[in-house]
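The values are calculated or read from the model by the stated rules, or taken from the named source; none is laboratory data. What you see is a predicted model; the values in this text were computed from it and never measured. Cβ atoms come from the backbone with ideal geometry, glycine included; neighbour counts cover every protein chain shown.
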Amino acid sequence: MNNSRRDFLKKGALGTTAIALSGGVSGAAANIMESRTTKIPSASHFGAFHAHVRDGKIVDITSQLDSDANPTVLVKSLADRTTNNSRVKYPCVRKSYLEGKGKGELRGKEEFVRVSWDKALDLVANSIKKAQEKGGNKALYNASYGGWSHPGAFKPNTMAGRFFNQIGGAVRTSGEYSNGAAGQVNPTLVGDMEVYSVQTAHEQIIANTKVMILWGCDMYKTQRVGYSVPNHRCYDAYEEYKKAGIKFISIDPIYTVSASEFKADWIKIRPGSDVALMLAMMNYLYKSKKYDKAFIEKYTYGFDKFLPYLLGKEDGIEKTPKWASKITEIPEETIKQLADTMVSNRTFIAGNWSLQRAHHGEQVDWSIITLASMLGQVGLPGGGFGFSMHYEGGGDANSGKATVGGMSQGGGDKVNIAIPASRMSDLILKPGHTVTYKGSKIVYPKVEFMLSAGGSPIGHQPDVNELIEAMRTLDTLVVVEPWWTPSAKMADIVLPATTTLERDDVAGGMSYSNDRIYAMKKIVEPVFESKDDYEIFALLAKRFGKEKKFTRGRTPLEWIERLYKRSYAKKEMGISFEEFWKQGVVKYEIPASARKFVRHEDFRKDPIANPLKTETGKIQIYSDKFAKFNYKDFKGHPTWFEPAEWLGNKKLVAKYPLHLVSPHPTYRIHSQLDNTWVQNVHKVQGREPIRISPNDAKKFGVKDGEIVEVYNDRGSLLAGVVVTDTIRDGVVAIEEGAWYSPEESSKTKSRCNSGQVNVLTSSRPTSQMAQATTANTVLVSIRKAGTIKPNLAYQPPKIIGA
Ligand SMILES: Nc1nc2c(c(=O)[nH]1)N[C@H]1C(S)=C(S)[C@@H](COP(=O)(O)OP(=O)(O)OC[C@H]3O[C@@H](n4cnc5c(=O)[nH]c(N)nc54)[C@H](O)[C@@H]3O)O[C@H]1N2
Ligand SMILES: Nc1nc2c(c(=O)[nH]1)N[C@H]1C(S)=C(S)[C@@H](COP(=O)(O)OP(=O)(O)OC[C@H]3O[C@@H](n4cnc5c(=O)[nH]c(N)nc54)[C@H](O)[C@@H]3O)O[C@H]1N2
Ligand SMILES: [Mo]
């Protein structure tokens, strides 16, 4: 905080006192009121905020308005994090596990017993040692996924990884749920993952773009949260997009918030059929000679090897607009018009990530990149493609300055087995089984012990019933959590973690702008017996004689100071740690040149001097490396493969006539905040909403506001009906992240009373190549709910001795 602002606040405070006095309150009383409420700065995935604390309790959360340009309601819901009824208060152990009876099949069905920290940690350490004796460190599975818990330096998954590395490692996760397919192919195609890279600056879009294709891109929704600390400045930029007269076209089975804000034309595509649409546009552009031949020749490799496929010479099927119109249910004329609009205007294709969380998801970005190459606008201001305009403030100009990193997991992993994200149940259920992955092979080890910290397996992994079956075969399952989440309820040992509001931490923001460092200060004392993740894993390391190696003898605040020391703020601006910590935030200037950034501009200007990091230095429309993998479901060029489940499969549709998509939640990050009041804004009778079109509602005889059962062969759940004309006929949507709650936990495949969509999704992998999640490739049906019991998702389990 600079001096003038501090003076202003002081004056403001004095002003308040004066008004209070004139209102008749004595000076002493006014002073007490002031001393009772303090404002403490911190930051979260929902934005930077001040916690207002009185008598040791949070009474309000307000946004740091000079760091959060457009706050959302989500940040307010942090207020009840510490008091929430679903907090894990003490270390707990499942009853028969504690009694040494094992009985994994009782997981999720039994009561827990309150134990001391020493007892709980000894049990964890002993079960690790037992697993090590049985199968070495490859019998240990560190399933701590993601890092979505909080934006600080002490992420629980990092702490877990650091601990396991000290004891020789564990089976880890490779790739991710977010971009499990695209993230594995894009580096070979364009030399970069593209999904986490600085995007063409908003200023360039505003000045140059004439047409923007929202290819499943719902930035208004996904920018509500950040992986770091969101600044929400993008919403100001979007206002400028609107004024710039850009024509928006949204290709999505849902008429999204972004489509609505931008008044976009809506192309109601059939889910899972986008690649066919892209191929047809390429076919049309080629045959009408409207494509940019010069760009293809100068900047790409392998178009000639792709052409026979596009023209049907490879498989006898020409990828014409007529062919694609049957697959996509988009009229032939619309396909041609779309291609014409794109090729004759400066067009920016804003891709998304959910399209590749589907069967054969590897083909999506590849097809967009190939289409964009034929349009010939890659590297031009406001043209080309971007796969991250909807994430981390994508479009933000970059300060080019260092903020703070997180703690490191360090070395020491001797196991060297990383399982593709989404193979979780497979790994546990099929020891000895071999899977292909990016041209190599992985043999699943026999996993005995599984630990999850900072992720929610029963939240994120498709096919919950399969996962529960798998979890029940383990020797030991440990979950480190602040709350009694569905995963915690399934564990043998639950270790209660503090939330970031109960400890000090530090975060940077955002990944693309790099222009803030935030103090995440401790706001209240740890709730009940919860401990910081750092301390929990240090105490575990101690049981293996590795405490010193884990902590390096440093307190959390010493780590924070150390991380801060490497920042531009300390090294170049000379702001001491003490000063930063007192202020709560430091800010960097963004150079004017950063606002001119155009992705791939250097490559376009001089492809010899600035080649892409690919096999040929050019865009790989064809990859010899990929072709050599010799997979049936992944070739050397973009290919249309029919998905295993989709509306084009008549046989399946006869039984399950609706395609289910599971977009990311508007009012949560995944499963986080599902236990808070903010959910009241959208839940229907306490259940996760299912969006359905008026025609389908009529067809299935369901009404707005009613609770229905949604089902397929994998499971069933209750959801609350929202009838809306913002979703295409034949498609329903349930946002991911509702807390799983089995109606009858004693039954296998019990109906979920809460609406956790992954009860219905499939763990089928994208292909032999990336083995990524296919959460959006799902067919379901709907029927009357019958007898409905109360939803107990947010109630702690029964605990003996508490
Ligand atoms: N059907 C379907 N499924 C999906 C997706 C989809 O689109 N559709 N998307 C997938 C994607 S992209 C992702 S990224 C994953 C996300 O999956 P996850 O990363 O597992 O999601 P979260 O629910 O955010 O999990 C974070 C967990 O950390 C806990 N936590 C919060 N703070 C702390 C802390 O300080 N300490 C500890 N120890 N724990 C803490 C929270 O309570 C929560 O349980 O889901 C995937 N699953
Ligand atoms: N508010 C909020 N924002 C978030 C998150 C969150 O949990 N909450 N999570 C963050 C994370 S971890 C991630 S990975 C990103 C996810 O970012 P995305 O994957 O891009 O987001 P989704 O919401 O899954 O999907 C966006 C749109 O894709 C559409 N879609 C689904 N299937 C198809 C299809 O076959 N074809 C077409 N054309 N469209 C389709 C959906 O209808 C939806 O409108 O979001 C991030 N942002
Ligand atoms: Mo994600």
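Do we have E194 as acidic (D, E), within 14 Å of ligand 1 (Cβ to nearest atom) and either closer than 27 Å to V404 by Cα or buried (at least 22 other Cβ atoms within 10 Å of the Cβ) (or both) here?
No: the conditions fail for E194.
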Quick one: L660 ticks every box in (1) aliphatic (A, V, I, L, M); (2) in a helix (DSSP H, G or I); (3) in contact with a strand residue (DSSP E or B) (Cβ under 8 Å, 6 or more places away or on another chain) bar one, so which box is it?
(2)
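Look at the range 335-361 and say how many of its residues are away from ligand 3 (no atom under 16 Å from the Cβ) and farther than 25 Å from D292 by Cβ. Lay out the reasoning, then the answer.
Restricting attention to the range 335-361, the residues satisfying the condition of being away from ligand 3 (no atom under 16 Å from the Cβ) are 335-350, 359-360.
Those left that are additionally farther than 25 Å from D292 by Cβ: 359-360.
Of the residues in that region, 2 qualify.
Is it the case that the range 156-170 has a residue that's among the small types (G, A, S), farther than 15 Å from D413 by Cβ and out of contact with any Gly (no Cβ under 7 Å at 6 or more places or on another chain)?
Within the range 156-170, the first condition is being among the small types (G, A, S), and the residues that meet it are 160-161, 168-170.
Checking the rest, the ones that are also farther than 15 Å from D413 by Cβ come to none.
Within the range 156-170 (the criterion being among the small types (G, A, S), farther than 15 Å from D413 by Cβ and out of contact with any Gly (no Cβ under 7 Å at 6 or more places or on another chain)), the answer is no, since none of the residues qualifies.
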Filter result (under 23 Å from the mean Cα position of the chain (by Cα) and within 22 Å of L310 (Cα to Cα)) within the range 252-272:
P271, G272
Based on this model, can you work out whether S35 counts as at pLDDT 95 or above, over 30 Å from the mean Cα position of the chain (by Cα) and in a helix (DSSP H, G or I)?
no
Just name the residue that is nearest to ligand 3 (Cβ to nearest atom) out of those in the range 135-190 that are crowded, with 23+ Cβ neighbours inside 10 Å and among the β-branched types (V, I, T).
T173
Tell me which of these V415 doesn't satisfy, since it passes every other one: (1) in contact with a Lys or Arg (Cβ under 8 Å, 6 or more places away or on another chain); (2) within 16 Å of ligand 1 (Cβ to nearest atom).
(2)
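Here is a yes/no grid of residues against (1) among the aliphatic types (A, V, I, L, M); (2) farther than 28 Å from S63 by Cβ:
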residue	(1), (2)
G191	no, yes
V198	yes, no
D252	no, yes
F262	no, no
R270	no, yes
Looking only at the range 310-364, filter to residues that are within 16 Å of ligand 1 (Cβ to nearest atom) and not in a helix (DSSP H, G or I); which one of those is nearest to the chain's Cα centre (by Cα)?
W353
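Can you find even one residue in the range 482-490 that is farther than 20 Å from A421 by Cβ, among the aliphatic types (A, V, I, L, M) and within 12 Å of ligand 1 (Cβ to nearest atom)?
First, pick out the residues of the range 482-490 that are farther than 20 Å from A421 by Cβ: 482-484, 488-489.
Narrowing further to those that are among the aliphatic types (A, V, I, L, M): 488.
In the following step, the residues that additionally are within 12 Å of ligand 1 (Cβ to nearest atom) were identified as 488.
Checked against the condition, which is being farther than 20 Å from A421 by Cβ, among the aliphatic types (A, V, I, L, M) and within 12 Å of ligand 1 (Cβ to nearest atom), the range 482-490 yields at least one hit.
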Extreme residue, nearest to G410 (Cα to Cα), among residues of the range 548-569 that are among the small types (G, A, S) and more than 28 Å from the chain's Cα centre (by Cα)
G553
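Of the residues G636, G648, only one is over 28 Å from D725 (Cα atoms) and outside any strand (DSSP E or B); which? Reasoning before the result, please.
Working: G648 fails: over 28 Å from D725 (Cα atoms).
After applying the criteria, what remains is G636.
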Could you check how many residues of the range 220-254 are touching an Asp or Glu at 6+ places or on another chain (Cβ under 9 Å) and touching a residue at least 60 places away in the same chain (Cβ under 8 Å)?
14
Going residue by residue through the range 619-640, is there one that turns out to be within 14 Å of ligand 2 (Cβ to nearest atom) and buried (at least 17 other Cβ atoms within 10 Å of the Cβ)?
yes
Taking only pairs six or more apart or across chains, which ones have beta-carbon atoms under 9 Å, a first residue in the range 734-750 that is at positive phi and outside the structural domain of N675 (by TED's automatic domain parsing), and a second residue that is among the aliphatic types (A, V, I, L, M) and buried (at least 16 other Cβ atoms within 10 Å of the Cβ)?
none
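Which one is farthest from ligand 3 (Cβ to nearest atom), of the residues in the range 732-746 that are modelled with pLDDT under 95 and of a type in the set (S, T, Y)?
Ranking the qualifying residues of the range 732-746, first place goes to S746.
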So which residues in the range 71-86 are more than 22 Å from E525 (Cβ to Cβ) and assigned to a loop (DSSP other than H, G, I, E, B)?
P71, T72
Among the residues of the range 695-729, write down those that are buried (at least 21 other Cβ atoms within 10 Å of the Cβ) and part of a loop (DSSP other than H, G, I, E, B).
R728
Would you pick out the residues in the range 109-164 that are farther than 16 Å from K531 by Cα, over 25 Å from the mean Cα position of the chain (by Cα) and among the polar types (S, T, N, Q)?
N126, S127, Q132, N137
Any idea which of (1) under 27 Å from G455 (Cβ atoms); (2) touching a helix residue (DSSP H, G or I) at 6+ places or on another chain (Cβ under 6 Å); (3) charged (D, E, K, R); (4) outside the structural domain of I128 (by TED's automatic domain parsing) is the one R562 doesn't satisfy?
(2)
Lone qualifier among V185, V190, V211, V195 - being over 19 Å from G361 (Cα atoms) and touching a residue at least 60 places away in the same chain (Cβ under 8 Å)
V211
The listed residue being over 30 Å from S425 (Cβ atoms), in contact with a strand residue (DSSP E or B) (Cβ under 9 Å, 6 or more places away or on another chain) and hydrophobic (A, V, I, L, M, F, W, C), out of V198, V229:
V229
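Do you know which of the residues in the range 663-694 that are in a strand (DSSP E or B) and within 16 Å of ligand 3 (Cβ to nearest atom) is surrounded by the most Cβ atoms within 10 Å (Cβ to Cβ)?
Initially, the range 663-694 is screened for residues in a strand (DSSP E or B), giving 669, 672, 684, 687, 689-692.
Still in the running and within 16 Å of ligand 3 (Cβ to nearest atom): 669, 672.
Values: I669: 21, Q672: 24.
So, considering only residues that are in a strand (DSSP E or B) and within 16 Å of ligand 3 (Cβ to nearest atom), the one surrounded by the most Cβ atoms within 10 Å (Cβ to Cβ) is Q672.
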Count, please, the residues in the range 395-430 that happen to be over 25 Å from the mean Cα position of the chain (by Cα) and among the β-branched types (V, I, T).
1
Considering every residue within the range 66-78, establish whether at least one is within 16 Å of ligand 1 (Cβ to nearest atom) and surrounded by fewer than 17 Cβ atoms within 10 Å (Cβ to Cβ).
no
